[in-house]
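Report on the following structure.
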Amino acid sequence: MTAITSRPRGEYAKTAARRQEILDAAVEVFSSAGFHKGSLRDVAERVGLSQAGVLHHFPSKTHLLEAVLAWRDEQSRQRFDFEAVAGLDQIRALLNLVEYNASTPELVELFTVLAAEATALDHPVHGYFVDRYTWVIRYITDAFVAVDAAGDLRPGTEPASAARQLVALMDGLQVQWLLDRRSVDMAAEVRRYVQSLLTVEL
């Protein structure tokens, strides 16, 4: 019987570390230049690899971008368990995320640049952003519906409309914050808006 050999754990660790270096570099490239102008060469240079070296870990530029977005989402899920809360706690989790985003300007820039690019139907992550906005608006709508059922939503507030306005506010604040971080407190502005919709203190 042929002996089965396994790769040393140290190699797995090195591979994982190298993939993370590439992801970090891709965040820098795509957030500053966008997907179309940002090149694999730029990513490779930042980590001291050839383009072939990058492609060894990620089969294509599109695969790399998708991996970056998946990694970004995983970072959020690890910090905020959105599915485990309901009602006002859903809103609080969202506010905590906005506050956390202020500590990761490169990720905010990445999201803002790619979201604008991805409005084009042929953009490789167009579907990702369509699905993401659908999920976010549904999540916030469900939160407001639960808040309303508890009697804590201001009369006349329509949950789905309030959800869309909140998403628009968050996106718009991110652009303003990227332009001048000293003049905008994203978390405070979002909290102020949400509080205006409630009959109880957050």
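Structural remarks
- Just one of (1) in a helix (DSSP H, G or I); (2) buried (at least 17 other Cβ atoms within 10 Å of the Cβ); (3) of a type outside the set (S, T, N, Q) fails for L49. It is (1).
- Residues located in the stretch 134-151, provided they are open to solvent by 30 Å² or more (accessible area, probe 1.4 Å) and not β-branched (V, I, T): W135, R138, D142, A146, D148, A149, A150, G151
- Leading residue by the ranking (farthest from F144 (Cα to Cα)) among those in the stretch 173-188 that are surrounded by 12 or more Cβ atoms within 10 Å (Cβ to Cβ) and more than 19 Å from the chain's Cα centre (by Cα): V184
- Residues satisfying the stated conditions in the stretch 117-131, i.e. touching a helix residue (DSSP H, G or I) at 6+ places or on another chain (Cβ under 8 Å) and open to solvent by 30 Å² or more (accessible area, probe 1.4 Å): E117, T119, A120, P124, Y128
- Annotation note: of A163, A120, the sole residue that is hydrophobic (A, V, I, L, M, F, W, C) and either without any contact (Cβ under 8 Å) to a residue 24 or more places away in the chain or in contact with an Asp or Glu (Cβ under 7 Å, 6 or more places away or on another chain) (or both) is A120.
- Residue within the stretch 159-169 that is surrounded by 13 or more Cβ atoms within 10 Å (Cβ to Cβ) and under 15 Å from the mean Cα position of the chain (by Cα) present: yes
Residue-wise test of (1) of a type outside the set (D, E, K, R); (2) farther than 30 Å from A160 by Cα; (3) without any contact (Cβ under 8 Å) to a residue 24 or more places away in the chain; (4) open to solvent by less than 60 Å² (accessible area, probe 1.4 Å).
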{"residue": "S31", "(1), (2), (3), (4)": "yes, yes, no, yes"}
{"residue": "K37", "(1), (2), (3), (4)": "no, yes, yes, no"}
{"residue": "R41", "(1), (2), (3), (4)": "no, yes, yes, no"}
{"residue": "E45", "(1), (2), (3), (4)": "no, yes, yes, no"}
{"residue": "E74", "(1), (2), (3), (4)": "no, no, yes, no"}
{"residue": "E99", "(1), (2), (3), (4)": "no, no, no, no"}
{"residue": "F111", "(1), (2), (3), (4)": "yes, no, no, yes"}
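- Set Y139, Y128: member being modelled with pLDDT under 95 and within 15 Å of F111 (Cβ to Cβ): Y128
- Look at (1) open to solvent by 50 Å² or more (accessible area, probe 1.4 Å); (2) more than 23 Å from A116 (Cβ to Cβ) and you find that H57 fails only one, number (1).
- Scoring I91 on the criteria (1) among the aliphatic types (A, V, I, L, M); (2) loosely packed, with under 15 Cβ neighbours inside 10 Å; (3) under 30 Å from V145 (Cα atoms) leaves a single failure, condition (2).
- Just one of the numbered conditions (1) at pLDDT below 95; (2) of a type in the set (F, W, Y); (3) closer than 21 Å to Y193 by Cα is not true of W71: (3).
- Taking first residues from the stretch 183-195 that are touching a residue at least 40 places away in the same chain (Cβ under 8 Å) and partners that are acidic (D, E), the Cβ contacts under 7 Å between residues at least 6 apart in sequence or on separate chains come to A187/E99.
The values are calculated or read from the model by the stated rules, or taken from the named source; none is laboratory data. All values reported here derive from a predicted model rather than from experimental measurement. Cβ coordinates were reconstructed from backbone atoms using ideal geometry, including for glycine residues, and neighbour counts include every protein chain displayed. Heavy atoms of the whole protein, side chains included, go into the accessibility calculation; ligands, DNA and RNA do not. Shrake-Rupley method; radii C 1.70, N 1.55, O 1.52, S 1.80 Å.
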